[in-house]
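Worksheet for the structure shown next.
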Amino acid sequence: MRKRLSIIFNKAPYGTQSGRELLDIALMAAAFDMDISALFIEDGVYQLLDNQQPDILHMKNHSSTFKALELYGIETALVSEDALIHRRLSQSQLLPVAQPAKQNELQSIIAQSDFVFML
Amino acid sequence: MTTLYILNNPDLFQQCSAVLDENDGLLLIENAVVLAQQLEPKTAGFVLEEDLVARGLDSNGSWGNKDYDGFVALTLEYDKTVSWL
């Protein structure tokens, strides 16, 4: 039975490296044939904003890697609807890689996961 | 599956509480132990004794005091442990 891993993004990008590092973990875990979910909650929803241009900070744009999530077998990517509403963001402003999800849906995925990673 | 959440950052208490299931537990450690005086746990709540004593604090009584050994034993009572960062 495949183990289930959840990666939780709860921080905005570029201020910390946690977004990029969590992505690295997700991409590596995909090689171990795990059932991986990427959950974007709280300020983590900013990771998915479409018009990121970090080159102005001489930083790599890791948001393009999000488009590769399915490529690496990360079937489930959910973004918290409440977090979007709270931050006056709409789904259309985001990279089209995550499905909007309610709090209880996010909660049940976390509960059912064998491992949960945050950074 | 039951989860023991470990919180060391008091600013993330709301965020962490939002995902707690009724049979999950929350253990406050390091700076988050300051919350053990002010707040009530939503589900089973614990606080690390050594971090309280180090800070000259005590719990408001609704958080179970655990020392380091108790902390280790606590992790065995849950299916998994998540450090909320």
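The values are calculated or read from the model by the stated rules, or taken from the named source; none is laboratory data. A quick note: this is a predicted structure, and the numbers were derived from the prediction, not measured. No Cβ is skipped: glycine too gets one built from the backbone with ideal geometry, and neighbour counts run over all protein chains shown. When the accessible area is computed, the model is the full protein with side chains, heavy atoms only, and any ligands, DNA or RNA have been set aside. Shrake-Rupley method; radii C 1.70, N 1.55, O 1.52, S 1.80 Å.
Miscellaneous remarks
- Residue within the range A:35-44 that is open to solvent by 40 Å² or more (accessible area, probe 1.4 Å), closer than 22 Å to residue B:83 by Cβ and of a type in the set (Phe, Trp, Tyr) present: no
- Restricting attention to the range A:1-10, the residues being outside any strand (DSSP E or B) and without any contact (Cβ under 8 Å) to a residue 40 or more places away in the chain number 2.
- Candidate set from the range B:10-24 (those that are crowded, with 19+ Cβ neighbours inside 10 Å and over 20 Å from residue B:57 (Cβ atoms)); member that is modelled with the highest pLDDT: B:24
- Residue tally, condition away from chain B (no Cβ under 12 Å) and exposed (fewer than 15 other Cβ atoms within 10 Å of the Cβ), over the range A:65-86: 6
- Scanning the range B:17-34 for residues that are within 12 Å of another protein chain (Cβ to nearest Cβ) and either in contact with a helix residue (DSSP H, G or I) (Cβ under 9 Å, 6 or more places away or on another chain) or farther than 20 Å from residue B:80 by Cα (or both) turns up B:18, B:19, B:20, B:21, B:24.
- The listed residues are B:47, B:53, B:33, and the only one of them that is part of a strand (DSSP E or B) and aliphatic (A, V, I, L, M) turns out to be B:47.
- Contact annotation: residue pairs with Cβ atoms under 6 Å, 6 or more positions apart or on different chains, pairing a residue in the range A:93-112 that is away from every other protein chain (no Cβ under 14 Å) with a partner that is among the small types (Gly, Ala, Ser), are A:97/A:77; A:98/A:77.
- Among the numbered conditions (1) within 14 Å of chain A (Cβ to nearest Cβ); (2) more than 22 Å from residue A:9 (Cα to Cα); (3) surrounded by fewer than 16 Cβ atoms within 10 Å (Cβ to Cβ), the only one that residue B:2 does not meet is (2).
- On inspection, residue A:47 qualifies as touching a Phe, Trp or Tyr at 6+ places or on another chain (Cβ under 6 Å), free of Cβ contacts under 8 Å to residues at least 40 places away in the same chain and open to solvent by less than 50 Å² (accessible area, probe 1.4 Å).
- Check on residue B:58, open to solvent by 70 Å² or more (accessible area, probe 1.4 Å), of a type in the set (Asp, Glu) and more than 26 Å from residue A:115 (Cβ to Cβ): yes
- Checked against the criterion of being surrounded by 14 or more Cβ atoms within 10 Å (Cβ to Cβ) and of a type in the set (A, V, I, L, M), the candidates B:52, B:76 yield just one match: B:52.
- Hits in the range A:20-59 (condition: part of a helix (DSSP H, G or I), under 12 Å from the mean Cα position of the chain (by Cα) and either modelled with pLDDT of 90 or more or of a type in the set (D, E, K, R) (or both)): A:20, A:21, A:22, A:24, A:42, A:43, A:44, A:45, A:46, A:47, A:48
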